[in-house]
Amino acid sequence: METIDCQAVWDVLYPVISARISSPGFNKFFQESFASIDESGTFKISLNKGYNVFIDHIRENYLSLLSESLKECQQDLPSSIKGISIDALGKGEALFTAETQKEDKISLKPIIDKTRRRAVEAPKANDAKSKNNFPSSDRYSFQNFIVGDSNRLAFATSKAVSESPGFSYNPLFIYGSSGLGKSHLLHAIAQETMSHNPYHRIEYLSAEEFSNIFIDSIQHNDQRNFRKRFRNVDILLLDDVQFLKNKTKTQEEFFHTFNALYSLNKQIVLTSDCQPHELDGLEKRLVSRFEHGQIVDVLKPEFETRVAILRQKRNSMNVHIPNDVLDFIASNIKSHVRKLEGALVRLVTYASTMGYEVNASLAREVLGGQLENTSDRNLDITAILRQVAEYFDVGVKDILGKRRTQSIVTPRQVAMYLSRNLTEESFPAIAEQFRRTHATVLHSCNAINEQMELDPSFKDKVFYLKKRLENL
Ligand SMILES: Nc1ncnc2c1ncn2[C@@H]1O[C@H](COP(=O)(O)OP(=O)(O)OP(=O)(O)O)[C@@H](O)[C@H]1O
(Lines give C-alpha, C1' and ligand atoms only; values in the text may rest on other atoms or scores of the structure.)
Protein backbone atom coordinates (compact mmCIF):
# COMPACT_ATOMS: atom_id res chain seq x y z
CA MET A 1 0.00 0.00 0.00
CA GLU A 2 1.20 3.51 -0.76
CA THR A 3 2.40 5.42 2.32
CA ILE A 4 -0.18 7.99 3.32
CA ASP A 5 0.65 11.02 5.38
CA CYS A 6 -1.71 10.73 8.31
CA GLN A 7 -1.23 14.36 9.31
CA ALA A 8 -2.15 15.52 5.80
CA VAL A 9 -5.37 13.48 5.97
CA TRP A 10 -6.20 14.98 9.34
CA ASP A 11 -5.53 18.49 8.02
CA VAL A 12 -8.19 17.94 5.39
CA LEU A 13 -10.62 16.24 7.77
CA TYR A 14 -10.31 18.52 10.75
CA PRO A 15 -12.00 21.69 9.40
CA VAL A 16 -14.95 19.65 8.16
CA ILE A 17 -15.28 17.84 11.47
CA SER A 18 -14.96 20.98 13.56
CA ALA A 19 -17.69 22.65 11.51
CA ARG A 20 -20.02 19.81 12.46
CA ILE A 21 -18.99 19.33 16.07
CA SER A 22 -18.00 22.16 18.35
CA SER A 23 -18.66 20.54 21.68
CA PRO A 24 -15.86 20.73 24.26
CA GLY A 25 -16.78 17.17 25.24
CA PHE A 26 -15.61 16.14 21.80
CA ASN A 27 -12.46 18.17 22.23
CA LYS A 28 -11.85 16.63 25.61
CA PHE A 29 -12.10 13.10 24.33
CA PHE A 30 -10.13 13.65 21.18
CA GLN A 31 -7.39 16.01 22.28
CA GLU A 32 -5.61 13.17 24.02
CA SER A 33 -6.17 10.78 21.12
CA PHE A 34 -3.95 9.61 18.34
CA ALA A 35 -4.68 8.66 14.77
CA SER A 36 -3.12 6.24 12.37
CA ILE A 37 -4.08 4.70 9.06
CA ASP A 38 -4.29 0.94 8.88
CA GLU A 39 -3.72 -1.39 5.93
CA SER A 40 -7.35 -1.38 4.86
CA GLY A 41 -7.29 2.41 4.55
CA THR A 42 -9.20 3.14 7.75
CA PHE A 43 -8.35 6.36 9.55
CA LYS A 44 -8.18 4.97 13.09
CA ILE A 45 -8.67 7.23 16.07
CA SER A 46 -7.30 5.63 19.24
CA LEU A 47 -8.70 7.14 22.41
CA ASN A 48 -6.74 7.62 25.56
CA LYS A 49 -7.52 4.65 27.78
CA GLY A 50 -9.06 6.89 30.43
CA TYR A 51 -12.01 7.15 28.07
CA ASN A 52 -12.51 3.43 27.54
CA VAL A 53 -15.65 3.49 29.65
CA PHE A 54 -17.17 6.09 27.33
CA ILE A 55 -16.32 4.25 24.14
CA ASP A 56 -19.89 3.16 23.27
CA HIS A 57 -21.19 6.58 24.03
CA ILE A 58 -18.47 8.26 21.96
CA ARG A 59 -19.05 5.95 19.01
CA GLU A 60 -22.78 6.39 19.21
CA ASN A 61 -22.48 10.15 19.22
CA TYR A 62 -19.60 10.85 16.92
CA LEU A 63 -18.92 7.98 14.58
CA SER A 64 -21.61 8.76 12.04
CA LEU A 65 -20.65 12.46 12.10
CA LEU A 66 -17.04 11.52 11.49
CA SER A 67 -18.02 9.21 8.62
CA GLU A 68 -20.16 11.92 7.05
CA SER A 69 -17.25 14.37 7.37
CA LEU A 70 -14.99 11.86 5.68
CA LYS A 71 -17.43 11.45 2.81
CA GLU A 72 -17.76 15.21 2.44
CA CYS A 73 -14.05 15.67 1.85
CA GLN A 74 -13.39 12.33 0.17
CA GLN A 75 -12.37 13.96 -3.09
CA ASP A 76 -9.57 15.87 -1.32
CA LEU A 77 -8.24 12.68 0.28
CA PRO A 78 -6.14 9.87 -1.17
CA SER A 79 -8.45 7.31 -2.77
CA SER A 80 -7.10 4.57 -0.52
CA ILE A 81 -8.78 6.17 2.54
CA LYS A 82 -11.91 4.11 2.90
CA GLY A 83 -13.32 4.72 6.33
CA ILE A 84 -12.89 6.02 9.83
CA SER A 85 -13.04 4.24 13.19
CA ILE A 86 -12.88 5.04 16.89
CA ASP A 87 -11.15 2.54 19.12
CA ALA A 88 -10.21 2.33 22.73
CA LEU A 89 -6.70 1.43 23.69
CA GLY A 90 -6.67 -1.95 25.36
CA LYS A 91 -5.27 -2.45 28.84
CA GLY A 92 -1.51 -2.30 28.75
CA GLU A 93 -1.56 -1.43 25.05
CA ALA A 94 1.01 1.19 24.21
CA LEU A 95 0.29 4.02 21.84
CA PHE A 96 3.42 3.23 19.92
CA THR A 97 4.87 -0.21 19.46
CA ALA A 98 7.89 -1.43 17.62
CA GLU A 99 5.68 -2.08 14.58
CA THR A 100 3.91 1.26 14.59
CA GLN A 101 6.64 3.81 14.43
CA LYS A 102 5.96 7.08 16.19
CA GLU A 103 5.69 8.86 12.83
CA ASP A 104 2.81 6.57 11.85
CA LYS A 105 0.59 7.98 14.54
CA ILE A 106 -0.31 11.59 14.93
CA SER A 107 -1.65 13.44 17.92
CA LEU A 108 -5.11 14.94 17.50
CA LYS A 109 -4.33 17.58 20.09
CA PRO A 110 -4.40 20.42 17.51
CA ILE A 111 -8.15 19.93 17.36
CA ILE A 112 -8.40 22.37 20.22
CA ASP A 113 -5.99 24.85 18.72
CA LYS A 114 -8.28 27.76 17.92
CA THR A 115 -5.96 29.14 15.27
CA ARG A 116 -6.94 26.15 13.15
CA ARG A 117 -10.65 26.84 13.38
CA ARG A 118 -11.87 27.60 9.91
CA ALA A 119 -15.53 26.94 9.88
CA VAL A 120 -16.33 28.69 13.11
CA GLU A 121 -15.69 32.38 13.37
CA ALA A 122 -13.75 33.67 16.32
CA PRO A 123 -16.13 35.21 18.86
CA LYS A 124 -16.41 38.96 18.81
CA ALA A 125 -15.99 40.90 22.02
CA ASN A 126 -18.94 40.17 24.29
CA ASP A 127 -20.34 37.81 21.72
CA ALA A 128 -20.21 34.87 24.07
CA LYS A 129 -21.89 36.83 26.81
CA SER A 130 -24.67 37.99 24.58
CA LYS A 131 -25.54 34.38 23.76
CA ASN A 132 -25.60 33.36 27.35
CA ASN A 133 -27.83 33.99 30.23
CA PHE A 134 -25.89 33.94 33.46
CA PRO A 135 -24.54 36.69 35.67
CA SER A 136 -20.78 36.43 35.62
CA SER A 137 -19.03 37.15 38.90
CA ASP A 138 -15.63 36.06 40.14
CA ARG A 139 -17.13 35.74 43.55
CA TYR A 140 -19.01 32.61 42.50
CA SER A 141 -16.14 30.77 40.89
CA PHE A 142 -14.76 27.32 41.69
CA GLN A 143 -11.62 29.01 43.03
CA ASN A 144 -13.71 30.85 45.59
CA PHE A 145 -15.61 27.78 46.69
CA ILE A 146 -14.21 26.30 49.87
CA VAL A 147 -14.27 22.53 49.77
CA GLY A 148 -14.79 20.31 52.81
CA ASP A 149 -16.34 16.92 53.49
CA SER A 150 -19.77 18.52 53.42
CA ASN A 151 -19.57 19.54 49.77
CA ARG A 152 -16.64 17.64 48.26
CA LEU A 153 -18.71 15.43 46.00
CA ALA A 154 -20.93 18.28 44.83
CA PHE A 155 -17.81 20.30 44.01
CA ALA A 156 -16.08 17.44 42.18
CA THR A 157 -19.09 16.52 40.06
CA SER A 158 -19.77 20.18 39.21
CA LYS A 159 -16.16 20.59 38.15
CA ALA A 160 -16.33 17.44 36.03
CA VAL A 161 -19.50 18.69 34.36
CA SER A 162 -17.88 22.01 33.50
CA GLU A 163 -14.94 20.18 31.94
CA SER A 164 -16.98 17.88 29.74
CA PRO A 165 -20.60 18.98 29.71
CA GLY A 166 -23.07 16.35 28.61
CA PHE A 167 -20.71 13.47 29.25
CA SER A 168 -19.69 12.95 32.83
CA TYR A 169 -22.86 13.35 34.90
CA ASN A 170 -26.08 14.14 33.16
CA PRO A 171 -28.33 15.33 34.64
CA LEU A 172 -26.50 16.47 37.74
CA PHE A 173 -28.88 17.02 40.64
CA ILE A 174 -27.50 18.99 43.61
CA TYR A 175 -29.62 19.19 46.73
CA GLY A 176 -29.28 20.65 50.19
CA SER A 177 -30.70 23.22 52.57
CA SER A 178 -30.76 26.91 51.80
CA GLY A 179 -27.54 28.92 51.75
CA LEU A 180 -25.10 26.02 51.38
CA GLY A 181 -23.64 26.93 48.00
CA LYS A 182 -25.85 25.28 45.38
CA SER A 183 -26.31 28.44 43.31
CA HIS A 184 -22.62 29.23 43.76
CA LEU A 185 -21.79 25.91 42.10
CA LEU A 186 -24.17 26.59 39.20
CA HIS A 187 -22.50 29.94 38.55
CA ALA A 188 -19.10 28.30 38.76
CA ILE A 189 -20.10 25.64 36.22
CA ALA A 190 -21.28 28.35 33.83
CA GLN A 191 -18.08 30.38 34.19
CA GLU A 192 -15.75 27.45 33.94
CA THR A 193 -17.49 26.02 30.90
CA MET A 194 -17.30 29.36 29.18
CA SER A 195 -13.62 29.58 29.90
CA HIS A 196 -13.14 26.22 28.15
CA ASN A 197 -15.43 27.01 25.27
CA PRO A 198 -16.81 30.51 24.72
CA TYR A 199 -19.10 29.16 21.99
CA HIS A 200 -21.31 27.36 24.46
CA ARG A 201 -24.83 28.57 24.92
CA ILE A 202 -25.73 28.55 28.58
CA GLU A 203 -29.03 29.27 30.29
CA TYR A 204 -28.87 29.82 34.03
CA LEU A 205 -32.13 30.58 35.76
CA SER A 206 -34.34 29.61 38.66
CA ALA A 207 -37.30 27.31 38.18
CA GLU A 208 -39.44 30.27 39.18
CA GLU A 209 -38.05 32.36 36.32
CA PHE A 210 -38.49 29.43 33.96
CA SER A 211 -42.13 29.24 34.97
CA ASN A 212 -42.66 32.99 34.58
CA ILE A 213 -41.04 33.08 31.15
CA PHE A 214 -43.21 30.13 30.13
CA ILE A 215 -46.38 31.88 31.33
CA ASP A 216 -45.32 35.01 29.42
CA SER A 217 -44.87 32.96 26.29
CA ILE A 218 -48.39 31.57 26.64
CA GLN A 219 -49.75 35.02 27.26
CA HIS A 220 -48.05 36.42 24.15
CA ASN A 221 -48.67 33.34 22.07
CA ASP A 222 -44.93 33.00 21.65
CA GLN A 223 -44.20 29.42 22.67
CA ARG A 224 -42.16 28.85 19.55
CA ASN A 225 -39.56 31.32 20.72
CA PHE A 226 -39.67 29.94 24.23
CA ARG A 227 -38.86 26.47 22.91
CA LYS A 228 -36.20 27.84 20.61
CA ARG A 229 -34.54 29.55 23.54
CA PHE A 230 -34.47 26.61 25.93
CA ARG A 231 -34.10 23.68 23.58
CA ASN A 232 -31.09 25.09 21.80
CA VAL A 233 -28.75 25.48 24.70
CA ASP A 234 -25.64 23.45 25.44
CA ILE A 235 -26.09 23.75 29.17
CA LEU A 236 -29.24 24.36 31.17
CA LEU A 237 -28.68 25.27 34.81
CA LEU A 238 -31.97 25.32 36.68
CA ASP A 239 -31.91 26.50 40.28
CA ASP A 240 -34.49 25.53 42.91
CA VAL A 241 -36.51 22.98 40.94
CA GLN A 242 -38.73 22.49 43.97
CA PHE A 243 -40.48 25.60 42.69
CA LEU A 244 -41.98 23.49 39.89
CA LYS A 245 -44.11 21.60 42.44
CA ASN A 246 -47.79 21.54 41.48
CA LYS A 247 -47.20 23.66 38.36
CA THR A 248 -48.53 21.07 35.97
CA LYS A 249 -48.20 22.99 32.71
CA THR A 250 -44.71 24.27 33.48
CA GLN A 251 -43.69 20.75 34.47
CA GLU A 252 -44.98 19.40 31.20
CA GLU A 253 -43.04 22.01 29.25
CA PHE A 254 -39.95 21.38 31.31
CA PHE A 255 -40.32 17.64 30.73
CA HIS A 256 -40.15 18.22 26.96
CA THR A 257 -37.29 20.69 27.32
CA PHE A 258 -35.43 18.14 29.41
CA ASN A 259 -35.99 15.35 26.88
CA ALA A 260 -34.98 17.51 23.94
CA LEU A 261 -31.73 18.53 25.60
CA TYR A 262 -30.95 15.13 27.04
CA SER A 263 -31.41 13.38 23.72
CA LEU A 264 -28.82 15.73 22.21
CA ASN A 265 -26.37 15.13 25.07
CA LYS A 266 -26.76 18.64 26.31
CA GLN A 267 -25.88 19.14 29.94
CA ILE A 268 -28.59 19.71 32.53
CA VAL A 269 -27.82 20.68 36.12
CA LEU A 270 -30.57 21.07 38.68
CA THR A 271 -30.62 22.20 42.29
CA SER A 272 -33.24 21.61 44.90
CA ASP A 273 -33.80 21.82 48.63
CA CYS A 274 -34.49 18.07 48.80
CA GLN A 275 -33.86 14.80 46.99
CA PRO A 276 -35.83 14.07 43.81
CA HIS A 277 -38.06 11.47 45.49
CA GLU A 278 -38.98 13.99 48.17
CA LEU A 279 -40.30 16.45 45.61
CA ASP A 280 -44.00 15.96 46.27
CA GLY A 281 -46.13 17.62 43.67
CA LEU A 282 -43.71 16.81 40.88
CA GLU A 283 -44.71 14.38 38.13
CA LYS A 284 -43.24 10.90 38.53
CA ARG A 285 -41.75 10.93 35.04
CA LEU A 286 -39.76 14.08 35.91
CA VAL A 287 -38.58 12.64 39.23
CA SER A 288 -37.44 9.48 37.50
CA ARG A 289 -35.47 11.50 34.96
CA PHE A 290 -33.77 13.44 37.74
CA GLU A 291 -32.96 10.19 39.50
CA HIS A 292 -31.46 8.79 36.36
CA GLY A 293 -28.42 11.04 36.63
CA GLN A 294 -26.02 11.83 39.42
CA ILE A 295 -27.52 13.02 42.70
CA VAL A 296 -25.23 14.79 45.15
CA ASP A 297 -25.86 16.66 48.36
CA VAL A 298 -24.38 19.70 50.05
CA LEU A 299 -24.47 19.47 53.81
CA LYS A 300 -23.87 22.00 56.53
CA PRO A 301 -20.17 22.81 56.53
CA GLU A 302 -17.93 21.46 59.26
CA PHE A 303 -16.17 23.81 61.65
CA GLU A 304 -12.93 23.90 59.61
CA THR A 305 -14.80 24.65 56.40
CA ARG A 306 -16.76 27.42 58.11
CA VAL A 307 -13.52 28.98 59.34
CA ALA A 308 -11.96 28.72 55.87
CA ILE A 309 -15.01 30.41 54.32
CA LEU A 310 -14.79 33.22 56.86
CA ARG A 311 -11.07 33.67 56.23
CA GLN A 312 -11.65 33.86 52.52
CA LYS A 313 -14.39 36.42 53.05
CA ARG A 314 -12.10 38.44 55.35
CA ASN A 315 -9.42 38.48 52.66
CA SER A 316 -11.85 39.60 49.98
CA MET A 317 -13.11 42.39 52.28
CA ASN A 318 -9.53 43.38 52.96
CA VAL A 319 -10.12 44.04 56.64
CA HIS A 320 -8.23 43.06 59.76
CA ILE A 321 -10.13 40.53 61.85
CA PRO A 322 -8.21 38.30 64.26
CA ASN A 323 -8.51 34.54 63.72
CA ASP A 324 -10.05 33.97 67.13
CA VAL A 325 -13.00 36.15 66.13
CA LEU A 326 -13.54 34.05 63.03
CA ASP A 327 -13.30 30.90 65.15
CA PHE A 328 -15.87 32.35 67.52
CA ILE A 329 -18.31 33.08 64.67
CA ALA A 330 -17.72 29.65 63.11
CA SER A 331 -18.34 27.93 66.44
CA ASN A 332 -21.59 29.73 66.95
CA ILE A 333 -23.13 29.85 63.48
CA LYS A 334 -23.43 26.43 61.93
CA SER A 335 -26.62 26.34 59.95
CA HIS A 336 -25.67 27.91 56.63
CA VAL A 337 -23.01 29.86 54.85
CA ARG A 338 -25.20 32.81 53.96
CA LYS A 339 -25.81 33.44 57.67
CA LEU A 340 -22.10 33.06 58.34
CA GLU A 341 -21.21 35.65 55.73
CA GLY A 342 -23.99 37.96 56.91
CA ALA A 343 -22.66 37.84 60.48
CA LEU A 344 -19.18 38.80 59.36
CA VAL A 345 -20.41 41.72 57.27
CA ARG A 346 -22.59 42.93 60.12
CA LEU A 347 -19.72 42.79 62.59
CA VAL A 348 -17.30 44.62 60.30
CA THR A 349 -19.85 47.29 59.37
CA TYR A 350 -20.72 47.91 63.03
CA ALA A 351 -17.07 48.08 64.11
CA SER A 352 -16.08 50.50 61.37
CA THR A 353 -19.12 52.73 61.87
CA MET A 354 -18.50 52.97 65.60
CA GLY A 355 -14.71 53.04 65.30
CA TYR A 356 -14.30 49.92 67.47
CA GLU A 357 -11.65 47.26 67.27
CA VAL A 358 -12.98 43.89 66.15
CA ASN A 359 -12.59 41.32 68.89
CA ALA A 360 -14.46 38.33 70.29
CA SER A 361 -16.33 40.28 72.92
CA LEU A 362 -17.56 42.81 70.33
CA ALA A 363 -18.62 39.86 68.14
CA ARG A 364 -20.59 38.37 71.03
CA GLU A 365 -22.28 41.72 71.66
CA VAL A 366 -23.13 42.55 68.03
CA LEU A 367 -24.12 39.08 66.91
CA GLY A 368 -25.87 38.06 70.10
CA GLY A 369 -29.27 37.42 68.53
CA GLN A 370 -27.85 35.62 65.53
CA LEU A 371 -25.73 33.17 67.46
CA GLU A 372 -27.14 29.69 67.46
CA ASN A 373 -27.62 27.61 70.56
CA THR A 374 -24.17 26.23 71.17
CA SER A 375 -24.90 23.80 73.95
CA ASP A 376 -23.99 20.74 71.94
CA ARG A 377 -27.18 18.77 71.73
CA ASN A 378 -26.70 15.08 72.22
CA LEU A 379 -28.16 13.16 69.34
CA ASP A 380 -30.82 10.82 70.68
CA ILE A 381 -31.90 7.40 69.48
CA THR A 382 -35.34 8.68 68.44
CA ALA A 383 -33.72 11.03 65.90
CA ILE A 384 -31.54 8.20 64.61
CA LEU A 385 -34.55 5.91 64.23
CA ARG A 386 -36.47 8.58 62.32
CA GLN A 387 -33.61 9.33 59.93
CA VAL A 388 -32.77 5.68 59.27
CA ALA A 389 -36.43 4.78 58.72
CA GLU A 390 -36.84 7.67 56.28
CA TYR A 391 -33.69 6.75 54.41
CA PHE A 392 -34.63 3.09 53.98
CA ASP A 393 -38.25 3.96 53.39
CA VAL A 394 -39.62 1.86 56.22
CA GLY A 395 -41.52 2.82 59.38
CA VAL A 396 -39.94 3.37 62.81
CA LYS A 397 -42.53 0.85 64.02
CA ASP A 398 -41.13 -1.74 61.62
CA ILE A 399 -37.61 -1.19 62.93
CA LEU A 400 -38.77 -1.66 66.50
CA GLY A 401 -41.13 -4.49 65.57
CA LYS A 402 -40.59 -8.21 65.19
CA ARG A 403 -40.47 -8.71 61.40
CA ARG A 404 -37.27 -10.32 60.20
CA THR A 405 -37.34 -9.68 56.45
CA GLN A 406 -34.04 -8.35 55.09
CA SER A 407 -35.62 -5.01 54.15
CA ILE A 408 -36.33 -4.43 57.85
CA VAL A 409 -33.36 -6.20 59.41
CA THR A 410 -30.81 -4.02 57.57
CA PRO A 411 -32.26 -0.65 58.70
CA ARG A 412 -32.72 -2.08 62.20
CA GLN A 413 -29.08 -3.11 62.42
CA VAL A 414 -27.90 0.17 60.88
CA ALA A 415 -29.94 2.11 63.43
CA MET A 416 -28.38 0.11 66.28
CA TYR A 417 -24.91 0.60 64.85
CA LEU A 418 -25.44 4.37 64.52
CA SER A 419 -26.91 4.58 68.03
CA ARG A 420 -23.80 2.95 69.36
CA ASN A 421 -21.49 5.20 67.35
CA LEU A 422 -23.25 8.53 67.62
CA THR A 423 -24.58 8.52 71.16
CA GLU A 424 -23.10 7.92 74.58
CA GLU A 425 -25.64 5.15 75.24
CA SER A 426 -24.44 1.75 76.49
CA PHE A 427 -25.34 -1.56 74.80
CA PRO A 428 -27.99 -2.37 77.45
CA ALA A 429 -29.54 1.11 77.09
CA ILE A 430 -29.67 0.78 73.30
CA ALA A 431 -31.09 -2.73 73.65
CA GLU A 432 -33.87 -1.42 75.82
CA GLN A 433 -34.86 1.27 73.31
CA PHE A 434 -34.83 -1.24 70.45
CA ARG A 435 -36.74 -3.78 72.58
CA ARG A 436 -33.99 -6.31 72.10
CA THR A 437 -31.24 -7.97 74.10
CA HIS A 438 -27.77 -6.66 74.71
CA ALA A 439 -26.39 -9.57 72.63
CA THR A 440 -28.58 -8.66 69.64
CA VAL A 441 -27.27 -5.09 69.60
CA LEU A 442 -23.71 -6.33 69.83
CA HIS A 443 -24.31 -8.80 67.04
CA SER A 444 -25.94 -6.08 64.87
CA CYS A 445 -22.98 -3.72 65.29
CA ASN A 446 -20.57 -6.49 64.31
CA ALA A 447 -22.75 -7.45 61.33
CA ILE A 448 -22.78 -3.87 60.05
CA ASN A 449 -19.03 -3.55 60.47
CA GLU A 450 -18.52 -6.75 58.49
CA GLN A 451 -20.91 -5.74 55.73
CA MET A 452 -19.19 -2.39 55.38
CA GLU A 453 -15.88 -4.18 54.96
CA LEU A 454 -17.33 -6.37 52.23
CA ASP A 455 -19.47 -3.87 50.39
CA PRO A 456 -18.11 -0.35 49.77
CA SER A 457 -21.44 0.95 48.48
CA PHE A 458 -23.12 -0.18 51.71
CA LYS A 459 -20.35 1.55 53.64
CA ASP A 460 -21.06 4.75 51.69
CA LYS A 461 -24.71 4.55 52.66
CA VAL A 462 -23.93 4.13 56.35
CA PHE A 463 -21.38 6.95 56.25
CA TYR A 464 -23.82 9.16 54.46
CA LEU A 465 -26.43 8.57 57.18
CA LYS A 466 -23.84 9.18 59.85
CA LYS A 467 -22.88 12.48 58.29
CA ARG A 468 -26.48 13.48 57.93
CA LEU A 469 -27.16 12.74 61.59
CA GLU A 470 -24.04 14.58 62.71
CA ASN A 471 -25.28 17.61 60.83
CA LEU A 472 -28.71 17.62 62.45
N1 LIG B 1 -18.26 26.30 50.18
C2 LIG B 1 -18.42 27.61 50.01
N3 LIG B 1 -17.35 28.39 49.81
C4 LIG B 1 -17.48 29.73 49.66
N5 LIG B 1 -18.66 30.37 49.68
C6 LIG B 1 -19.76 29.65 49.87
C7 LIG B 1 -19.71 28.23 50.03
N8 LIG B 1 -20.96 27.77 50.20
C9 LIG B 1 -21.77 28.83 50.13
N10 LIG B 1 -21.06 29.96 49.93
C11 LIG B 1 -21.57 31.33 49.84
O12 LIG B 1 -22.77 31.39 50.62
C13 LIG B 1 -23.73 32.20 50.00
C14 LIG B 1 -25.01 31.41 49.79
O15 LIG B 1 -24.75 30.40 48.81
P16 LIG B 1 -25.80 30.02 47.66
O17 LIG B 1 -26.63 31.20 47.29
O18 LIG B 1 -25.07 29.34 46.58
O19 LIG B 1 -26.72 29.00 48.47
P20 LIG B 1 -27.90 28.07 47.94
O21 LIG B 1 -27.61 26.72 48.45
O22 LIG B 1 -28.10 28.24 46.49
O23 LIG B 1 -29.14 28.67 48.72
P24 LIG B 1 -30.68 28.79 48.25
O25 LIG B 1 -31.20 27.40 48.21
O26 LIG B 1 -31.29 29.60 49.34
O27 LIG B 1 -30.69 29.45 46.93
C28 LIG B 1 -23.11 32.69 48.71
O29 LIG B 1 -22.56 33.97 48.93
C30 LIG B 1 -22.01 31.69 48.44
O31 LIG B 1 -20.94 32.27 47.71
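Here are the numbers for the structure shown:
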item	result
Relative packing of peptides 240-249, 329-338, 219-228 - highest average C-beta neighbours within 10 Å first	329-338, 240-249, 219-228
Mean separation of Cα contacts under 8 Å (6+ apart) over length of the stretch 365-472, as relative contact order %	25 percent
Alpha carbon centroid spacing (whole Å) that separates the stretch 268-347 from the stretch 178-252	21 Å
For the stretch 381-470: rounded, prolate or oblate by the Cα gyration tensor [a/c cutoff 1.5]	rounded
Relative contact order of the stretch 303-370, pairs being alpha-carbon contacts under 8 Å that are 6 or more residues apart, as %	34 percent
Summed residue charge, Cβ within 10 Å of Val298's Cβ, Lys/Arg positive, Asp/Glu negative	+2
Share of carbon and sulfur in the accessible heavy-atom surface of the stretch 280-383 [1.4 Å probe, %]	47 percent
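The values are calculated or read from the model by the stated rules, or taken from the named source; none is laboratory data. These numbers were taken from a predicted model, which means no experiment stands behind them. Don't worry about glycine lacking a Cβ; one is built from the backbone with ideal geometry, like all the others, and counts go over all protein chains shown. Note: accessible area is taken over every heavy atom of the protein model, side chains too, but ligands, DNA and RNA are not part of it. Shrake-Rupley method; radii C 1.70, N 1.55, O 1.52, S 1.80 Å.
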